[in-house]
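The values are calculated or read from the model by the stated rules, or taken from the named source; none is laboratory data. Predicted, not measured: the structure shown is a model, and the values here were computed from it. Cβ placement follows ideal geometry from the backbone for every residue including glycine, while neighbour counts extend to all protein chains displayed.
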């Protein structure tokens, strides 16, 4: 069992990983841009996240949801996806991710699609 580690999808506003890591510097939050993977498809991002055990955080509510559901349906590993609507308050999303990191295990989010902020 381990704490969740995160991967920012290419479209995720930078304020979320920056704000979260400012609150808790020991949180691992990789960014596709920093990894040279900004132009990868959702399927490729999900494959990378599964291989690395990273929970994806994305604004891409439409296509990421479908791709993640397809992986789950095919029985492929899927470490989880947190989806954030563009207009949702960044502070609430950061608080929820901090709570997820501090109070859960990465394995709890496997094969789950969860909208943030938690309601």
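Before moving on, here are some points about what is shown:
- With respect to the stated conditions, residue 71 fails to be at pLDDT below 95 and either within 15 Å of residue 6 (Cα to Cα) or part of a helix (DSSP H, G or I) (or both).
- Qualifying residue in the range 9-24 (condition: part of a loop (DSSP other than H, G, I, E, B), without any contact (Cβ under 8 Å) to a residue 24 or more places away in the chain and either closer than 20 Å to residue 86 by Cα or out of contact with any helix residue (DSSP H, G or I) (no Cβ under 7 Å at 6 or more places or on another chain) (or both)): yes
- Flag for residue 90 being under 23 Å from residue 14 (Cα atoms), touching a residue at least 12 places away in the same chain (Cβ under 8 Å) and either surrounded by 17 or more Cβ atoms within 10 Å (Cβ to Cβ) or out of contact with any helix residue (DSSP H, G or I) (no Cβ under 7 Å at 6 or more places or on another chain) (or both): no
- Sole residue being surrounded by fewer than 21 Cβ atoms within 10 Å (Cβ to Cβ) and within 11 Å of the chain's Cα centre (by Cα), chosen from 66, 53, 73: 53
- Filtered by the rule that a residue be surrounded by fewer than 15 Cβ atoms within 10 Å (Cβ to Cβ) and either within 12 Å of the chain's Cα centre (by Cα) or not in a helix (DSSP H, G or I) (or both), the range 95-106 gives 104, 105.
- Count of the range 38-59 residues which are assigned to a loop (DSSP other than H, G, I, E, B) and either in contact (Cβ under 8 Å) with a residue 60 or more places away in the chain or closer than 19 Å to residue 18 by Cβ (or both): 3
- Taking the criterion of being on the phi < 0 side of the Ramachandran plot, at pLDDT 95 or above and within 14 Å of the chain's Cα centre (by Cα), the residues of the range 79-94 that qualify are 81, 82, 83, 84, 85, 93, 94.
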